[in-house]
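**Q** Let me begin by handing over the structure; questions about it come next.
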Amino acid sequence: MSKGIKIYTKGGDQGETALLGGTRVLKNHERVEASGNLDELNAFIGMVRDYDIDPHYQEFLIWIQKKNFIAETLISQDPEKEIQKLPSIKEEDILLIEHEIDAMNETLPPLNHFILPGGHPAVSACHICRTVCRRAERSVVGLRNIRSTDDIIIRYLNRLSDYLFVLARKLANDLGVKETPWKT
């Protein structure tokens, strides 16, 4: 029998949880909501990684998942408590995402219309990741409006949603899936 971390603590049975730093808050607290959205995003990104896609994208998605955990940690900390030095999201991380977007875009046809998500499960999963990322971004923006939050997390999520959109297009292209333009 494993002697690792105990999965259940019963501490949340009354609808509360602890922020990083120990402060107890309701599970629908703004920080918990934003953190939960990032956690959901990480789970969906894991699903994209499970598809038979180029190993480069699988590896980059692992890098993204690690950065998402950092963002989640930063969001989950109690701003009133001093906590040990935490890892951070850096400007270089955003620049790396932009570099990846640019590299994929070089091989894609120009985008002249909105496109409808779909065509292949991996492509659809990327679009789901993109929309969950946008929700996470909105929740972090909402958090920033009422509590101290580092703006670089918002910039990171904004760029990440762009990456996920372009990755969906790239996977569609690699898989030979025709994009369906939205036209009225």
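**Q** Which value, in debye to the nearest 20, gives the size of the charge dipole of segment 38-144 about its Cα centre, when Lys and Arg are +1 and Asp and Glu are -1 at the Cβ?
**A** Details: 11 positive and 18 negative charges, 77 e Å.
It comes to approximately 360 debye.
**Q** Do any GluC sites (Glu not before Pro) in segment 39-147 lie in a DSSP loop with no more than 13 other beta carbon atoms within 10 Å, and if so, which?
**A** Details: sites: Glu40, Glu59, Glu72, Glu80, Glu82, Glu91, Glu92, Glu98, Glu100, Glu106, Glu137; in loops: Glu80, Glu82, Glu106.
When the GluC sites (Glu not before Pro) of segment 39-147 are filtered for loop state and at most 13 Cβ neighbours within 10 Å, Glu80, Glu82, Glu106 remain.
**Q** Compute the long axis of helix 151-174 from its Cα atoms, compare it with the longest principal axis of the Cα atoms of the chain, and write down the angle in degrees, 0 to 90, nearest 10.
**A** 30
**Q** Would you mind calculating the gained length between Ile62 and His113 on full extension (0.36 nm times residue separation, minus the Cα-Cα distance), in nm to one decimal? Don't skip to the end; give the middle numbers.
**A** Values: separation 51, 0.36 × 51 = 18.36 nm, distance 3.04 nm.
Between Ile62 and His113, full extension yields an extra 15.3 nm.
**Q** Taking every pair of alpha-carbon atoms in segment 86-157, give the share separated by more than 14 Å as a whole percent. Show your work: numbers first, answer last.
**A** On the way: 1868 of 2556 pairs.
When every Cα pair of segment 86-157 is considered, 73 percent fall beyond 14 Å.
**Q** Using the crude model of +1 on Lys and Arg Cβ and -1 on Asp and Glu Cβ, and no other charge, please compute the dipole size for the chain relative to its Cα centre, in debye to 20. Each step should come with its number before you reach the end.
**A** Details: 24 positive and 27 negative charges, 113 e Å.
The dipole of the chain has a size of about 540 debye.
**Q** Which of Val123, Pro109, Leu95 sits closest to the plus end of the dipole of the chain, meaning its Cα is farthest towards the positive end, when Lys and Arg get +1 and Asp and Glu get -1 on the C-beta?
**A** Comparing the listed Cα positions along the dipole, Val123 ranks first.
**Q** So which lysines pass the test for Lys67, namely a Cα distance under 27 Å, with those fewer than 8 places away in the same chain ruled out?
**A** Lys6, Lys27, Lys81, Lys85, Lys90, Lys170
**Q** Something else now. If each residue of separation counts as 0.36 nm, what is the full-extension length gain between Arg138 and Lys183 once their alpha-carbon separation is subtracted?
**A** On the way: separation 45, 0.36 × 45 = 16.20 nm, distance 2.74 nm.
The span from Arg138 to Lys183 would gain 13.5 nm if fully extended.
**Q** How about segment 29-134: which trypsin sites (Lys or Arg not before Pro) there lie in a loop by DSSP and see at most 10 other Cβ atoms within 10 Å?
**A** Lys85
**Q** In whole Hz, what ³J(HN,Hα) sequence does segment 112-122 give by Karplus (6.51, -1.76, 1.60; θ = phi - 60°), x for Gly and Pro?
**A** 10, 9, 5, 10, 8, x, x, x, 7, x, 5
**Q** Note the angle between two axes, namely the Cα long axis of helix 91-105 and the longest principal axis of the Cα atoms of the chain, as a number of degrees from 0 to 90, rounded to the nearest 10.
**A** With both axes taken from Cα atoms, the answer is about 20 degrees.
**Q** If you don't mind, another one. Of all chymotrypsin sites (Phe, Trp or Tyr not before Pro) in segment 101-184, which ones are in loop regions per DSSP and have a Cβ with at most 10 other Cβ atoms within 10 Å?
**A** Numbers: sites: Phe114, Tyr156, Tyr163, Phe165, Trp182; in loops: Phe114, Trp182.
Passing sites in segment 101-184 are Phe114, Trp182.
**Q** Can I ask one more? Which entry in (i) 1.14; (ii) 1.36; (iii) 1.22 is this structure's computed Cα Rg over 2.2 N^0.38 Å?
**A** Recomputing Cα Rg over 2.2 N^0.38 Å here picks out (i).
**Q** Can you give the helix-only mean residue ellipticity at 222 nm for the chain, where every DSSP H stretch with n ≥ 4 adds -39500 (n - 2.57) and the sum goes over all residues, rounded to the nearest 500 deg cm²/dmol? Write down the numbers at each step before the final one.
**A** Values: 5 runs with 107 residues, N = 184.
Rounded to the nearest 500, it is -20000 deg cm²/dmol.
**Q** Considering amide H positions built from the backbone, and no H for Pro or chain starts, which residues 5 or more places from Leu175, or on another chain, come under 5 Å of its amide H?
**A** Here nothing satisfies the definition.
**Q** Specify the residue with the greatest mean-square fluctuation among Asp150, Asp174, Asp13, computed from a Gaussian network of the chain linking alpha-carbon atoms under 10 Å apart.
**A** Residue with maximal mean-square fluctuation among Asp150, Asp174, Asp13: Asp13.
Every number here is computed from the coordinates shown, using simple stated rules; none is lab data. This one's a predicted model, so the numbers in the text were calculated from it and none came from an experiment. Glycine gets a Cβ as well: all are built from the backbone with ideal geometry, and neighbour counts include every protein chain shown.
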